[in-house]
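> Here it is: the structure, laid out below.
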Amino acid sequence: MAGNKFIDNLLHVPSYGWKNENGTLIVPSSKQLWLEALSRINIMKTKKNWISLTSCVLLAVMSIFFYQFLFNYFSWYLVPVVVLYSMMVMGTHGTIWYHRYCTHKAYAFSHPVWRFLTQNLVIKTLPEEIYVVSHHVHHSKSDEPGDPYNPQAGFMYCMLAEFNHQRISPHLSEDSYKKVVHFMKHTGVGLNSYAGYQKWGSVANPFYTIGITALNWTFWYSVYFLIGGHSLACALFSAAMLWFVLVRAFNYSGHGGGKSKHKDGIDFDRSNLSINQTRPGLLAGEWHNNHHLYPGSARAGFLPMQFDLAWVYIYVLYKLKLVSSYKDSKKEFLKKFIAKGHSRDMKPLAGEAYNREHLAKIPEVLKQAE
């Protein structure tokens, strides 16, 4: 991980700042948050706002598909399709691509073509830069002032984080910019030179970003139209829009809404507020507390019943030789937190995906991992 000074100055500081003089978190009002967001999408103010405006344009266009689906092509049989695509397909892809590959380099592709196909496996929404760079800061400053989606500052602080907190600073030195490029160069995204960054205020080249999104949308709309007409195409683009909007809420709920909600035997990392949640875990492989323990692991489902669909995809590609290598921290987790007596602290909890019967199987799983 990069040095603290670099991390401290990596993101574009909002007008209300990250922390008070005494080091406590600044909690902006709703008015401050919305004014900041409006300022960050104002392309007339500076062309460096292009990347934030792009997200707004994508949402606006997707809302047209959503309107068409609701009022012209709605069918009840498409509702579960929308839910499945939004929560499972888009969610799992987000874990596979943005989280484990782009940010944490938890696995490597054997050829760029497999990387490109994985990148475009679903309808494209979020520019990689917005997710990747800020997520490094998130891990360095989890739930502290400077965390771009600190849940302790409230729900809307997280929901508007893409605009207000996740952009890179427009004032980076050339050396610092090279470090940022290092975060992104393995992704295959078209990147700006330092001169291009000074002009556009971003790592990603705007022409690449807009161009690949247009091609992605054209391809997927054509495919879905050929399969099920405008009704299916509009339904799935609506689903992508719902994921694009609601994924911001995970930054809030995945850290307990800013409160300590750790559960014994489930959440082992107590250095931050991250928690393992059953729904995002089972549907998208996002066992978040496990991930904070081992961010570089291609697998985050470590305990029995922690099914990890993202890991299944990565492992299948590895068996097909489309992924050349991966990091898997399950064995280390089991040795550190289970084999050394921690299992006695694990308590069965009503409503959780695992209980005493499942936990009893852990020694067997550990033995198999040897």
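> Quick check on my filter: what residues within the range 77-116 are more than 10 Å from Ala310 (Cβ to Cβ), charged (D, E, K, R) and within 14 Å of the chain's Cα centre (by Cα)?
Within the range 77-116, just Lys105 meets the criteria.
> Considering only the range 10-33, how many residues are touching a helix residue (DSSP H, G or I) at 6+ places or on another chain (Cβ under 8 Å) and not in a loop (DSSP other than H, G, I, E, B)?
Within the range 10-33, residues that are touching a helix residue (DSSP H, G or I) at 6+ places or on another chain (Cβ under 8 Å) and not in a loop (DSSP other than H, G, I, E, B) number 4.
> Are any residues in the range 15-55 surrounded by 15 or more Cβ atoms within 10 Å (Cβ to Cβ) and closer than 23 Å to Thr213 by Cβ, and if so, which ones?
Ala37, Arg40, Ile41, Lys48, Asn49, Trp50, Ile51, Ser52, Leu53, Thr54, Ser55 - these are the residues of the range 15-55 that are surrounded by 15 or more Cβ atoms within 10 Å (Cβ to Cβ) and closer than 23 Å to Thr213 by Cβ.
> Something else: Are there helices (runs of 4 or more DSSP H) fully within the range 89-173 with at least 3 residues that are surrounded by 23 or more Cβ atoms within 10 Å (Cβ to Cβ)? List them.
Numbers: elements: 112-119, 128-140, 155-159, 161-164.
Per the criteria, 128-140, 161-164.
> Just to be sure before I move on: is Ser222 more than 15 Å from Ser86 (Cα to Cα), crowded, with 19+ Cβ neighbours inside 10 Å and of a type in the set (Ser, Thr, Tyr) in the structure I sent? Walk me through it before giving the result.
Numbers: more than 15 Å from Ser86 (Cα to Cα): yes; crowded, with 19+ Cβ neighbours inside 10 Å: no; of a type in the set (Ser, Thr, Tyr): yes.
No; evaluated as a whole, the condition is false for this residue.
> If you don't mind, there's one more thing I want to ask. Considering only the range 1-34, state which residues are among the charged types (D, E, K, R) and modelled with pLDDT of 95 or more.
Step one: of the range 1-34, the residues among the charged types (D, E, K, R) are 5, 8, 19, 21, 31.
Answer for the range 1-34, where residues must be among the charged types (D, E, K, R) and modelled with pLDDT of 95 or more: Lys19, Lys31.
> Would you mind telling me which numbered condition in (1) part of a helix (DSSP H, G or I); (2) surrounded by fewer than 21 Cβ atoms within 10 Å (Cβ to Cβ); (3) more than 17 Å from the chain's Cα centre (by Cα); (4) touching a residue at least 24 places away in the same chain (Cβ under 8 Å) Asp269 fails?
It is condition (1) that Asp269 fails.
> Within the range 175-194, identify whether any single residue is over 18 Å from Val133 (Cβ atoms) and either touching a helix residue (DSSP H, G or I) at 6+ places or on another chain (Cβ under 9 Å) or surrounded by fewer than 18 Cβ atoms within 10 Å (Cβ to Cβ) (or both), and answer yes or no. Don't jump to the end; show me each part of the working.
As a first pass, look at the range 175-194 and keep what is over 18 Å from Val133 (Cβ atoms): none.
Taking every residue of the range 175-194 in turn, none turns out to be over 18 Å from Val133 (Cβ atoms) and either touching a helix residue (DSSP H, G or I) at 6+ places or on another chain (Cβ under 9 Å) or surrounded by fewer than 18 Cβ atoms within 10 Å (Cβ to Cβ) (or both).
The values are calculated or read from the model by the stated rules, or taken from the named source; none is laboratory data. Computed from a predicted model, the values in this text were never measured in an experiment. Because the Cβ atoms are built from the backbone with ideal geometry, glycine has one as well, and the counts that use them run over all protein chains shown.
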